[in-house]
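One structure is given here, and the rest of the page talks about it.
The values are calculated or read from the model by the stated rules, or taken from the named source; none is laboratory data. None of these values were measured; they are calculated from a predicted model. So basically every Cβ, Gly included, is an ideal-geometry build from the backbone, and we count neighbours across all protein chains shown.
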Amino acid sequence: MTAVLDPSVETAYPRYLHCLDEADENGAIDVALSLLDSGVPAERVLLSLVAPAQAQVGEWWQRNEWSVAQEHAATHVSERVIAAVATAVRARPTRERVVVACLDGEWHALPARLVAEVLRLDGWDVTFLGASVPSVHLVSYLHRHDPRAVLLACALPMRLPHAFRAIEACRRTDVPVLVGGRGFGSDGRWATKLGVAFARDARAASSVLATPAFDAAPAPVSLDDTEYAGLVATRVELIDLALERLDLKRYSPAQVDATVADLGYIVDSLAAAVYVDDASLFGEFVGWLLEVLDSRGVPLHTVGLTFDVMADRLRDFPRAHRFLRGAAPRPAA
Ligand code: B12
């Protein structure tokens, strides 16, 4: 997918991607700072240059065109660029304090960092807590500092049940909660299911924070999570059953590790879909998984096999059973 680029960064974008490819920190910083020098607003450099470039990095990784090492190097360069832009602009706070944090187990700190910096540019007094903040520590931080709002980031839909528990814990501090990140769905539909305010990007977040209605008490949500709890209790058994079904003798140790991780993602995504009662969550995950596995030469019928085993075990789990059957990869015609 080609990014739709803001005209002010269009010519700089390929140069920026080249710097990421070369892990060229200084070159990437030069590209960003020269845009600032030529009058492009810092917010646009962050959201229209750095953000789409990172999404592009993700696509290269997904298609197995880039290794994890290349992705890590590029992400580090982008971190440096964000810091350089923030230092060049040195925005001073004129508005209230807000806290930006990634949920427990969420390691995608860069998207949240972009949001934090854009809010800072907009005058908010931002405290950025970074990746994977355990809820108990987040809550005690909120009690201590009593900010205007806490912004929680979630990049992976499979983490939504954990996200909801963290949201509930934050709400008990009476600090209003705003969430964001691709984990809540591109249109925020899973945030709606969880009854929490959502902002699509940093610009939207700043407007929501400034809206008086944002302070209103959230509507109570009732999620029937009995089936979800049963699925969580069956997680290890499901992974073991699927491993038994696959012919692991032919797998290298690294392939076995990757398979165990993938099976964990399958069960966690299924559980998250059951939690928010939305088959599309699992369907989107399966589409992504098939593309990742296919580009790495993994025969896709193995996914069908594992879904059969799991669906068999989950006969008494109506939603999980239906979602697995609905998303099972069809054999090529
Ligand atoms: C870098 C990266 C990592 C790094 C993160 C390092 C870091 N410091 O952030 C590391 C290596 C840790 C990582 C790990 C993993 N990653 Co990763 N990662 C990425 C990558 C390439 C870039 C992330 C990024 O910076 N994006 C740029 C930002 C700007 O994009 P954005 O999320 O759309 O953010 C905007 C909005 O969503 C919104 N927003 C975002 N957060 C918030 C928060 C708030 C409060 C608000 C209001 C708004 C908001 O505003 C932002 C600006 O407009 C993405 C690709 C992608 N498309 O994002 C994959 C990606 C997110 N990762 C992915 C995966 C699968 C993983 C792993 C599971 C891989 C693995 N096998 O281990 C792990 C999971 C780790 C975990 N538990 O968190 C997948 C997720 C797929 C899916 N369907 O769920 C992606 C999409 C890659 C891909 N194309 O397949 N990853």
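Brief remarks on what is shown
- Close pairs from the range 151-174: first free of Cβ contacts under 8 Å to residues at least 40 places away in the same chain and closer than 21 Å to residue 208 by Cβ, partner of a type outside the set (S, T, N, Q) and within 11 Å of the ligand (Cβ to nearest atom), Cβ under 8 Å, at least 6 apart: 167/152; 167/177; 167/179; 167/196; 170/150; 170/152; 170/177
- Test: residue in the range 190-200 that is surrounded by 23 or more Cβ atoms within 10 Å (Cβ to Cβ), within 9 Å of the ligand (Cβ to nearest atom) and assigned to a helix (DSSP H, G or I): no
- Single match in 297, 326 (criterion: part of a helix (DSSP H, G or I) and modelled with pLDDT under 95): 326
- Test: residue 251 is surrounded by 15 or more Cβ atoms within 10 Å (Cβ to Cβ) and of a type in the set (Phe, Trp, Tyr): no
- Verdict on residue 131 being aliphatic (A, V, I, L, M), under 21 Å from residue 47 (Cα atoms), surrounded by fewer than 21 Cβ atoms within 10 Å (Cβ to Cβ) and touching a Phe, Trp or Tyr at 6+ places or on another chain (Cβ under 9 Å): yes
- Only one of 118, 136 that is within 25 Å of residue 13 (Cβ to Cβ), in a helix (DSSP H, G or I) and not aromatic (Phe, Trp, Tyr): 118
- Of all residues in the range 275-292 being among the aliphatic types (A, V, I, L, M) and either more than 11 Å from the ligand (Cβ to nearest atom) or not in a helix (DSSP H, G or I) (or both), the one that is nearest to residue 190 (Cα to Cα): 276
- The residues on offer are 30, 6, and the sole one that is of a type outside the set (A, V, I, L, M), surrounded by 15 or more Cβ atoms within 10 Å (Cβ to Cβ) and in contact with a helix residue (DSSP H, G or I) (Cβ under 6 Å, 6 or more places away or on another chain) is 6.
- Exclusive hit being in the same structural domain as residue 208 (by TED's automatic domain parsing), in contact with a strand residue (DSSP E or B) (Cβ under 7 Å, 6 or more places away or on another chain) and away from the ligand (no atom under 11 Å from the Cβ), set 127, 173: 127
- Within the range 24-83, the residues that satisfy the criterion of being touching a residue at least 60 places away in the same chain (Cβ under 8 Å) and in contact with a Lys or Arg (Cβ under 8 Å, 6 or more places away or on another chain) are 43, 47, 64.
- Summed over the range 84-102, residues that are over 27 Å from residue 175 (Cβ atoms) and surrounded by 13 or more Cβ atoms within 10 Å (Cβ to Cβ) total 4.
- Leading residue by the ranking (nearest to residue 223 (Cα to Cα)) among those in the range 142-165 that are surrounded by fewer than 20 Cβ atoms within 10 Å (Cβ to Cβ), over 20 Å from the mean Cα position of the chain (by Cα) and more than 14 Å from the ligand (Cβ to nearest atom): 143
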